[in-house]
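Report on one structure; see the data block that follows.
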Amino acid sequence: MKKFLGILAIAVASTACCLVDENFSNCPDDYSIDYEMRLITNVQTEINTVLGLDANIKVSAALRQYLKDIFSDFAHDVDLSFYDYNEPRPVLQHFSDIIDANQTSYTLHLPVHEYMHLAVANIADNHLVDLDSEQACGTSRLVQEFPSENNVIASHNTGLFTARLPMRILEGVNQDFLVRLYMANCATALVIDYTGAPEISGFSAFTTGFADSFNIADSTYTFNRNPLVKADHVDVEDSIEDCYVTVQFPSKEPEPKPETKVVVETVDPFIAPNADEALWEWQVYITLPGGSVTLTRLGLVQPLRAGQLKIIRIHIGADGSAIPFDPSVAASVQLDWHQGSDYDIPL
């Protein structure tokens with residue numbers, strides 16, 4: 001587990017008081033909020049463990065390059081909301097800012113009140129996920145766009161961070177608050193070793209089994225739909241290996257606690273018991289020269305959590321099946337696969 005820290009002190013001009021309460025006597029003379037981007041991740045450990053051999057050095061470098069802007073403590077933007085602490089917790093103050101740095105400082109003033117504060121980072125440039133229903137604390141969430149007719153979505157293109165903190169602003173007291181933002185999405189990579197592989201004419205890969213929205217106030221995920229996440233091809237030059245990656249919200253947790261929450265600081269947040277059945281999977285479609293397609297489902301019984309990277313290495317069998325190197329990954333093979341009536345998979 002490796003931690004990257006970046007301090008962001010965010011604020012607005014002193015006139016922000018009048019947006020909520022024009023009685024400036026209720027505002028403290030001065031206080032600050034420090035925002036700490038807390039990236040708890042296993043990226044380096046996973047790459048070193050699964051791809052640590054010299055033979056994998058090119059795919060390791062390509063994968064690190066692809067993920068460098070996802071697993072990063074760099075904050076491009078922040079969206080900050082201050083809600084009434086009491087139900088129905090309407091929003092009382094809200095603003096956003098472009099940071100583009102690890103550290104910056106401002107001064108923030110709010111009227112004397114008891115607040116619930118929610119913070120989101122790196123949402124402005126995310127092409128798939130939006131901040132939704134932020135008018136009330138309990139409904140504010142990150143939600144993926146509705147999947148297309150073929151039930152396929154793209155990967156998240158930014159690492160998303162969120163936080164929540166009760167704040168009681170006291171009259172006539174200079175106060176400092178620390179807000180720690182934790183990562184809300186994760187990634188998985190499929191590495192293909194073509195050593196001894198048969199000739200193929202097409203390769204497509206998808207993942208599925210992940211959340212489609214995130215409730216910011218209680219840091220829980222919801223699983224209303226189950227789209228396919230189309231894997232991005234990571235270019236690996238002059239290598240016998242290839243790589244595909246998806247970035248998305250986490251999977252469910254094993255029973256008896258299937259609810260999924262963001263990772264908080266623990267001894268090792270990425271160790272989990274196995275579930276009785278697969279929690280999420282890779283779907284690999286390999287087209288052979290004759291035109292037939294072999295579908296392999298690679299099922300994972302361990303959850304994929306926020307801030308986590310999971311790498312699956314495979315090689316290709318003579319029938320076009322994807323064979324995992326890790327025996328704990330369950331493989332189900334369907335030879336001569338044909339499009340079903342429900343969805344049109346873009347091979």
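The values are calculated or read from the model by the stated rules, or taken from the named source; none is laboratory data. None of these values were measured; they are calculated from a predicted model. All Cβ positions, even for glycine, are placed from backbone atoms using ideal geometry, and neighbour counts span all protein chains on display. Ligands, DNA and RNA are stripped out before the accessible areas are found, and what is left, the full protein with its side chains, is counted by its heavy atoms. Shrake-Rupley method; radii C 1.70, N 1.55, O 1.52, S 1.80 Å.
The residues of segment 270-284 that are under 25 Å from residue 337 (Cβ atoms), in contact (Cβ under 8 Å) with a residue 60 or more places away in the chain and open to solvent by 10 Å² or more (accessible area, probe 1.4 Å), listed by number, are 278, 279, 281, 283.
Against the list (1) surrounded by 17 or more Cβ atoms within 10 Å (Cβ to Cβ); (2) under 23 Å from residue 75 (Cα atoms), the condition residue 176 fails is (1). Kindly check whether there is at least one residue in segment 128-141 that is under 13 Å from the mean Cα position of the chain (by Cα), open to solvent by less than 10 Å² (accessible area, probe 1.4 Å), closer than 20 Å to residue 36 by Cβ and not small (Gly, Ala, Ser). Looking through segment 128-141, none of the residues is under 13 Å from the mean Cα position of the chain (by Cα), open to solvent by less than 10 Å² (accessible area, probe 1.4 Å), closer than 20 Å to residue 36 by Cβ and not small (Gly, Ala, Ser). The number of residues in segment 316-338 that are of a type in the set (Ser, Thr, Tyr), in a loop (DSSP other than H, G, I, E, B) and touching a strand residue (DSSP E or B) at 6+ places or on another chain (Cβ under 6 Å) comes to 1. Looking at segment 211-220, can you tell me whether even one residue there is modelled with pLDDT under 95 and farther than 30 Å from residue 149 by Cβ? Checked against the condition, which is being modelled with pLDDT under 95 and farther than 30 Å from residue 149 by Cβ, segment 211-220 yields at least one hit. Within segment 29-59, the set of residues being open to solvent by less than 40 Å² (accessible area, probe 1.4 Å) and closer than 14 Å to residue 239 by Cβ comprises 51, 56, 59.
When you scan segment 60-88, how many residues do you find that are assigned to a loop (DSSP other than H, G, I, E, B) and open to solvent by 50 Å² or more (accessible area, probe 1.4 Å)?
Filtering segment 60-88 for residues assigned to a loop (DSSP other than H, G, I, E, B) gives 68-74, 85-88.
With the extra rule that they be open to solvent by 50 Å² or more (accessible area, probe 1.4 Å), the set shrinks to 68-69, 74, 85-88.
Count: 7.
Conditions (1) under 29 Å from residue 269 (Cβ atoms); (2) among the hydroxyl-bearing types (Ser, Thr, Tyr), marked per residue:
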{"residue": "145", "(1), (2)": "yes, no"}
{"residue": "148", "(1), (2)": "no, yes"}
{"residue": "156", "(1), (2)": "yes, no"}
{"residue": "166", "(1), (2)": "yes, no"}
{"residue": "188", "(1), (2)": "yes, yes"}
{"residue": "200", "(1), (2)": "no, no"}
{"residue": "205", "(1), (2)": "yes, no"}
{"residue": "227", "(1), (2)": "yes, no"}
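Whenever a residue of segment 231-247 is closer than 14 Å to residue 193 by Cβ, its partners that are of a type in the set (S, T, N, Q), lying with C-beta atoms within less than 9 angstrom and at least six residues away or across chains, give the pairs 239/56; 240/195; 241/56; 241/195; 244/204. Filtered by the rule that a residue be among the β-branched types (Val, Ile, Thr) and assigned to a loop (DSSP other than H, G, I, E, B), segment 192-235 gives 195, 200, 216.
Can you tell me which of 149, 199, 114, 171 is farther than 24 Å from residue 231 by Cα, out of contact with any strand residue (DSSP E or B) (no Cβ under 7 Å at 6 or more places or on another chain) and surrounded by fewer than 14 Cβ atoms within 10 Å (Cβ to Cβ)? Result of the check over 149, 199, 114, 171: 171. Residue-level check: of (1) assigned to a loop (DSSP other than H, G, I, E, B); (2) within 23 Å of residue 95 (Cβ to Cβ); (3) at pLDDT 50 or above; (4) in contact with a strand residue (DSSP E or B) (Cβ under 7 Å, 6 or more places away or on another chain), residue 29 misses just (4).
Under the condition of being among the β-branched types (Val, Ile, Thr) and either within 22 Å of residue 72 (Cα to Cα) or open to solvent by 10 Å² or more (accessible area, probe 1.4 Å) (or both), the residues counted in segment 285-310 number 3. For the residues 100, 130, the requirement of being at positive phi, in a strand (DSSP E or B) and in contact with a strand residue (DSSP E or B) (Cβ under 9 Å, 6 or more places away or on another chain) singles out 100. Against the numbered list (1) charged (D, E, K, R); (2) farther than 30 Å from residue 339 by Cβ; (3) surrounded by 18 or more Cβ atoms within 10 Å (Cβ to Cβ), residue 259 comes up short only at (3).
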